[in-house]
Each structure stands twice: as C-alpha cells, then as structure tokens.
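Report on the following structure.
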Amino acid sequence: MRKGVWVALALFPVAAIFASLFVGRYPVGFEEVARSLLSLRGVSPTSRALILGVRLPRALGAAFVGVNLAIAGAAFQGVFRNPLVDSRILGVSAGAAFGAALALLLGVPWYLVDGFAFAFGLLAVFLVVLISWRFGGSILVLVISGILVGSLFSAFLGVIKYVADPLNVLPAITYWLLGSLSGTRWDTVGKLLPLCLVGAGPLFLLRWRLNVLSLEEREAAALGVDVARLRTGVVLAGTLLVAAAVSQAGMIGWIGLITPHAARALVGPDHSRVLPAAAGLGAGFLVVLDLLSRSLLPSEVPLGVLTGIVGVPAFFSLFMRHLARGGGWR
C-alpha cells in the first residue's frame, strides 16, 4: 500500500502536466502532442509552438510554484509546531507584493517586476530574522515579527494602490496580486528551477532535523541541535522558495497550508516522507488548478481566486475530519 501511494504521488504531477498539453481553446490531439514532444514531423507550426512554447512551460512553471509553496509550508509548519502556519506567516508574500507594486508604479520593464518582488520578499524576511535574533530568536518573537513586518509592507502596498493611476497602473497591480501563470514561458522555468533546487535542497538534507524541531526547544537542544541556528536556516531556505514562487506567479494562497496536511494523511508525520509527498501533491494540484483557471470560463480565472475557492472547502474538510478523530495534529 505504501509503495502504491508513492507511485501515485510521483505520477500525479506527471499526468497533470501531460493532460494540460491537450486542454485549451485551441484543440490539439494526442498524435500532435506526441510528435511535438518527440520532435517528429507532421505537426503544424502553430500546434508545435502552442504545445512546446506555451502549454508545456506553463505547466512546468505551475509545477515548480506548487513544489515551492508546498515544501515551504510543510517546513514552516514543522518549525513553528503549528498546523495553521503557511508560507505567508513571515511576511514574504506581503514584501513581494509591495515590491511588484512598486515596480509597476515606477514603470520598470515587465521583465524586472519579478526581480523587484523577489528582492522585497527576501528583504521582508531578512527584517523578520534580524528582529527575532535581536530579541532572543524564540518562535513567539519570530511569529510576531513576521506579523508586524507583513502588516507594514501591506500598509505600504495600500499607499501605492492609493496613489497609482486608476486607469493603467492600478489594474495591473490588482491583476498581479490575484495571481496568474499566463505569462509563464521557458525563461520563467529557467528562473524557477535553480531557485527551487537551492531552496529545497537544504530542506531535504535537513529533513530529519525538522522532526527534532517539532519537539520542545530544551528537548531538541538536549539532542545536540542548535535550535536557533537550524530554525533560521530552515526559515531562509523556505523564504527563498516562497519568494521565487510569488515573484513569478503572484499571490497564490492555500497551497502551502493544505498540501502538507494531505501529505501527512497519506505518509505520516515524518518530515523525511512529508516533504517529498507535499512536493508531489503541490506540483500536481497547482497544475490542475491552472488548467481549470484557463478553461472554465471564456476569460482566464485568476489563479489566486481559484485556489481560495478550492482551498477553503478542502481545508474545512480536513479540519472537520481532524475534529472527528479527536486526536492531536499528526
């Protein structure tokens, strides 16, 4: 049974990516997709360009964003010992949103907007970590610092929206904040892949230590773990993942909250299994949602809106199931 679960988790994102190549307003058949992927002749230039230049990079981009948010959410829930924590707890999303809005307000080229979002997302968490270290580095201080810094950047974002041109700049800011992968191309995938590897690599290497962080700080320290330093390292690695995802796709919620819960339900609480399971679920889930966002209505549904519509009932179902069991958080 366990082997079957892992096979399903591995095949889920692959099947979702493959299915996304067929779905859209321009219909393509199985033979066209297969010939395009295998670089064979007999495919029209339009179909080949659509499959290889638009749909495939968009699906891969959605998969990487889902992996980033899911792994970061699982790591943060372990670090903070709180099942309600997700990637927004440390203010990285608010910082990235402010960075993108500032770039749009200043009129910088579109290819630099994601750079602004990424830089300010990292800046937000740098301030959080700095404040936390200054005042003891405990979980409570870290969480409060994240709330304060996130609220500050949200206030700055409100100022930018207030002074932005309501005809051009404000709609662009609003659209970015709703989240979308419509502009994802191979260059986006090229930006996400190295950041995903750099951020996820340390978390996978430290996955057994995340189990130790779920203990009380004194117990973890008694096992020879430098709790404050390890927590900071995990926070920074998770922040890199979230900042990369938000800078490329905008504000997409719930993935980092729901997929770790679903992963624990499937493979148990051990982080050595939760992280890869969450990665598979996050990748497949976001690819499916992106597929729906561009096919449900004549105009594309913002991805952040769709994740909220699907995420709230899913989380409510998980929460009710948890209460029915009457047990603690797995």
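The values are calculated or read from the model by the stated rules, or taken from the named source; none is laboratory data. Treat the numbers as computed from the prediction; the structure is a model and nothing was measured. Here the Cβ is made from the backbone with ideal geometry for all residues, glycine too, and neighbour counts use every protein chain on show.
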Checklist entry - From the residues in region 133-144 that are free of Cβ contacts under 8 Å to residues at least 24 places away in the same chain and assigned to a helix (DSSP H, G or I), which one is nearest to residue 251 (Cα to Cα)? => result 144
Checklist entry - Which one of these is surrounded by fewer than 24 Cβ atoms within 10 Å (Cβ to Cβ), in contact (Cβ under 8 Å) with a residue 24 or more places away in the chain and either of a type outside the set (Ser, Thr, Tyr) or touching a strand residue (DSSP E or B) at 6+ places or on another chain (Cβ under 8 Å) (or both): 130, 112, 56? => result 56
Checklist entry - Any residue in region 81-103 that is over 29 Å from residue 174 (Cα atoms) and of a type outside the set (S, T, N, Q)? => result yes
Checklist entry - Is one or more of the residues making up region 45-58 polar (S, T, N, Q) and closer than 15 Å to residue 250 by Cα? => result no
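Matching residues to (1) touching a Pro at 6+ places or on another chain (Cβ under 8 Å); (2) part of a helix (DSSP H, G or I); (3) surrounded by fewer than 24 Cβ atoms within 10 Å (Cβ to Cβ):
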| position | (1), (2), (3) |
| --- | --- |
| 265 | no, yes, yes |
| 272 | no, yes, yes |
| 279 | no, yes, no |
| 282 | no, yes, no |
| 291 | no, yes, yes |
| 298 | no, no, yes |
Checklist entry - If you check every pair at least six apart or on different chains, which have Cβ atoms under 9 Å apart with a residue in region 11-38 that is of a type in the set (Asp, Glu) first and a residue that is modelled with pLDDT of 90 or more and in a helix (DSSP H, G or I) second? => result 32/47; 32/48; 32/51
Checklist entry - How many of the residues in region 11-58 are farther than 19 Å from residue 289 by Cα, in a helix (DSSP H, G or I) and either in contact with a His (Cβ under 9 Å, 6 or more places away or on another chain) or not aromatic (Phe, Trp, Tyr) (or both)? => result 15
Checklist entry - Are any residues in region 35-47 surrounded by fewer than 17 Cβ atoms within 10 Å (Cβ to Cβ) and on the phi < 0 side of the Ramachandran plot, and if so, which ones? => result 37, 38, 40, 41, 44, 45, 46
